[in-house]
Amino acid sequence: MPGPQVVPVKGETTLPQKVDVVVIGGGIIGTSTALELAEAGLTVALCEKGGIGQEQSSRNWGWVRLARRDPREVPLMVESLRIWAGLDQRIGRDTGYTRAGIAFASTTDSYSADLERWLDQNAKPYQVGMRMLDAKQFDELYPNSRLKVKGALYAPADGRAEPQKAAPAIAEAARDRGAAILTSCAVRGIETSGGRISGVVTERGSIACTAVVLAGGAWSNLFCGRFGIDLPQLKVMNSVMRTEPLGNGPEHALWSDDFAFRKRQDGGYTIASGRTNIVDIVPQSFRYATAFLPALAQEWRSLSFRIGPRFLEEARQSRNWSMDAITPFEACRVLDPVPAPRVIDKALKALKTAFPAFNDARVAQAWAGYIDVTPDAVPVISAVDTIPGFHIATGFSGHGFGIGPAAGRLMADLVVGRPPLVDPKNFRFSRFSDGSKVRPISGF
C-alpha cells in the first residue's frame, strides 16, 4: 500500500567532492539540522537513500505539542514552539503550521490527577497558558461531543502542521542557503583518518567532510552497528488514516484512550488510535530485551506484539556490508508497512460514537510508519565520543515531528561548538553506557 502523498523534492545530480558536514537522513530531523548548519555558514550535503520525508516524518499525526511530553523534552519543545511560530516566514514556504490547541481527555479521576500533576510540574513554569478543563469546559470546547470526560489537559499554544509538507519545505530552504540535497543517495558508511571522521561513502561516490550527523530514524541502529556503535533502538508501528474534507468537525486536536484526531489543512482529519501500536518481534528484540524491560513494564497495555515476515526480513539483512556493494539502505529505499485495519477501524468507530459529525467521514487513505524508539523514549542528540566528528540525532520515539526544528538547532549547536539551545545532557549518547538509569518517566 503506498504511503502518504509527500511533496516531492528533486535532488541534485552532482555529488559535492567536499563539505563541512554530511547529514544522513532526509526526515524532519535531518532537514532541520541541515538548515541550521547552512544558516551557520557551513557547507552541507544532506544524503537521503529515498525521497525527502518519505518515512515516519510524513506518516506521523502532525501534532506540534508540548502537552504531556516527557519532562526531559519539555525545555527543547518550548523552544520548538517558538521556532514553529516563525518557521514559514523564515523559510518562505508553507508547512501547514497553525496554533490550534490540543486537549488530552480523561475519563477517570486518577488520570485527571496525573494530568494535573504533569501540568503543575512541567508546564506552569513556562507560562504557556496550559490548563485543566472540567467536564463543562470540555463540552464548551467540543460542543458536539458525546464523550463523557472527568476533565482534560488543554494546551492552547500547541498546534499542528502537515507532515507531507514540512520536511520537504525545510529541505528546500536548506538548499536556498547552499546545502546540497541528494535524494536516492544512500550513505554506505563513514571514513576516518587518525580516528576522526574524514568522509562518507555513498552509492554515488565519496564526499570528504569533517563531521557527520546520522539522522536515520528507524535505520540508525543498523548503520551504527556496522561501525561498532551500539545504539539501543527498536521499531514500533503506528497506523494512521486520513479523511476527505469534512464540514462541522472540531477545530482543536484531541487525544483520548480510543482515538486521536487533528484537523488537516485540506479540511479532512488525521485519525489514529489513542494508544494501540504494533511491535514486530525481530532478532534485535531479543538483543535489547533487557534494556527495554522498564519501558515494556510501563507501556505493555498499549503494545500489540506479533511475529511475522519482518522477523525474517531483518534476520536476512546484512549487518557487515562492504562499502563497494549494495547495502540494506539501497535494497529498501522506503519503509512502507501495511497499516493494521483492526486498529484504525476501531479508532474510527469510537470516534463516530463520540463525535457524530464523523458519521459522514469518508476515509481517503490509510498508512503505517515505523517509529524509532529508545529504552527511555527520549532521543539521542549527541556527539559520539569514540569517533570524533560523528553525531547522532535519532530515537525520537514518536515525538520527533513537533520537536524536530529545535532538535535540528540543538544538533547544529553541538556540531558548530556554539552554546547549546538547551542543556543537552538528557540526550547524550553515553547515557546508555555510563551507568545511568535508563527508563521512561512514569505516566508519559
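The values are calculated or read from the model by the stated rules, or taken from the named source; none is laboratory data. As the structure is a prediction and not an experimental result, all values here were calculated from the model. No Cβ is skipped: glycine too gets one built from the backbone with ideal geometry, and neighbour counts run over all protein chains shown.
Here are a few things to note about the model shown:
- Hey, PRO375 outside the structural domain of ALA45 (by TED's automatic domain parsing), in a loop (DSSP other than H, G, I, E, B), touching a residue at least 40 places away in the same chain (Cβ under 8 Å) and in contact with a helix residue (DSSP H, G or I) (Cβ under 8 Å, 6 or more places away or on another chain) or not: no
- Of the candidates GLU251, GLU244, the single residue that is in the same structural domain as PHE401 (by TED's automatic domain parsing), farther than 23 Å from ALA67 by Cα, surrounded by fewer than 22 Cβ atoms within 10 Å (Cβ to Cβ) and of a type in the set (D, E, K, R) is GLU244.
- Qualifying residue in the stretch 308-317 (condition: of a type in the set (Lys, Arg), in contact with a strand residue (DSSP E or B) (Cβ under 9 Å, 6 or more places away or on another chain), closer than 30 Å to ALA350 by Cβ and surrounded by 14 or more Cβ atoms within 10 Å (Cβ to Cβ)): yes
- All conditions in (1) within 30 Å of ILE392 (Cα to Cα); (2) surrounded by fewer than 20 Cβ atoms within 10 Å (Cβ to Cβ); (3) not basic (Lys, Arg) hold for GLN137, with the sole exception of (1).
- From GLY402, GLY398, residue being in contact with a Ser or Thr (Cβ under 9 Å, 6 or more places away or on another chain), assigned by TED's automatic domain parsing to the domain that holds ALA169 and either closer than 17 Å to ARG262 by Cβ or β-branched (Val, Ile, Thr) (or both): GLY402
- Looking across PHE286, PHE261, one residue alone is more than 20 Å from the chain's Cα centre (by Cα) and either in a strand (DSSP E or B) or surrounded by fewer than 18 Cβ atoms within 10 Å (Cβ to Cβ) (or both). It is PHE286.
- VAL438 more than 17 Å from LEU214 (Cβ to Cβ), in contact with a strand residue (DSSP E or B) (Cβ under 8 Å, 6 or more places away or on another chain) and surrounded by fewer than 24 Cβ atoms within 10 Å (Cβ to Cβ): no
- Subset of the stretch 398-444 (residues that are polar (S, T, N, Q) and either assigned to a loop (DSSP other than H, G, I, E, B) or touching a Leu at 6+ places or on another chain (Cβ under 8 Å) (or both)): SER433, SER436, SER442
- Top-ranked residue in the stretch 15-28 [being within 24 Å of ARG93 (Cβ to Cβ) and of a type outside the set (A, V, I, L, M); ranked as surrounded by the fewest Cβ atoms within 10 Å (Cβ to Cβ)]: PRO16
- With respect to the conditions (1) over 30 Å from SER145 (Cα atoms); (2) in contact with a Gly (Cβ under 8 Å, 6 or more places away or on another chain); (3) hydroxyl-bearing (Ser, Thr, Tyr), THR202 falls short on a single one, namely (2).
- Residue in the stretch 294-303 that is among the hydrophobic types (A, V, I, L, M, F, W, C), modelled with pLDDT of 95 or more and either in a helix (DSSP H, G or I) or buried (at least 16 other Cβ atoms within 10 Å of the Cβ) (or both) present: no
- Among the residues listed as GLU73, GLU116, the single one being crowded, with 18+ Cβ neighbours inside 10 Å, in a helix (DSSP H, G or I) and charged (D, E, K, R): GLU73
- Sole residue being over 30 Å from TRP367 (Cα atoms), touching a strand residue (DSSP E or B) at 6+ places or on another chain (Cβ under 9 Å), not in a helix (DSSP H, G or I) and not small (Gly, Ala, Ser), chosen from LEU46, LEU37, LEU15: LEU15
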